[in-house]
Amino acid sequence: MGKTPILMITEVTFHDSPARRSATLQVAGGRPLLVHEGDTVNGIKVNEIQAGAVEFEVAGGPVVLDVGESMSLTVSGPDFH
């Protein structure tokens, strides 16, 4: 059985204009991914990029991760680290 992929927030660029907000994520130790509000990564939607955190839509509800936090991507829902 393979390892559960880990999603980690590595950086957030916050701006008053939502269109100019971005976050850098790393999934399972892969290459960094630049995302914006409304993007989807591994089936998880980026709802909102905040100053120092990102809100995702996970299993029908919001989950907020701060920069440096991570969660396991499992079928049953997130497992926070």
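Derivation of every value follows stated rules applied to the coordinates shown; laboratory data play no part. In this text, all values refer to a predicted model and were calculated from it rather than measured experimentally. Positions of Cβ are generated from backbone atoms using ideal geometry, with glycine treated the same way; all protein chains shown enter the neighbour counts.
Structural remarks
- Residue count for region 40-53, restricted to those that are under 10 Å from the mean Cα position of the chain (by Cα) and over 15 Å from residue 16 (Cα atoms): 7
- The residues in region 11-42 that are touching a strand residue (DSSP E or B) at 6+ places or on another chain (Cβ under 8 Å) and part of a loop (DSSP other than H, G, I, E, B) can be counted, and the count is 10.
- Members of region 43-57 that are aliphatic (A, V, I, L, M) and part of a strand (DSSP E or B): 44, 46, 49, 53, 54
- Tally, over region 29-54, of residues that are under 16 Å from residue 6 (Cα atoms) and among the charged types (D, E, K, R): 2
- Residues of region 11-38 satisfying the condition of being exposed (fewer than 11 other Cβ atoms within 10 Å of the Cβ) and closer than 18 Å to residue 72 by Cα: 29, 30, 31
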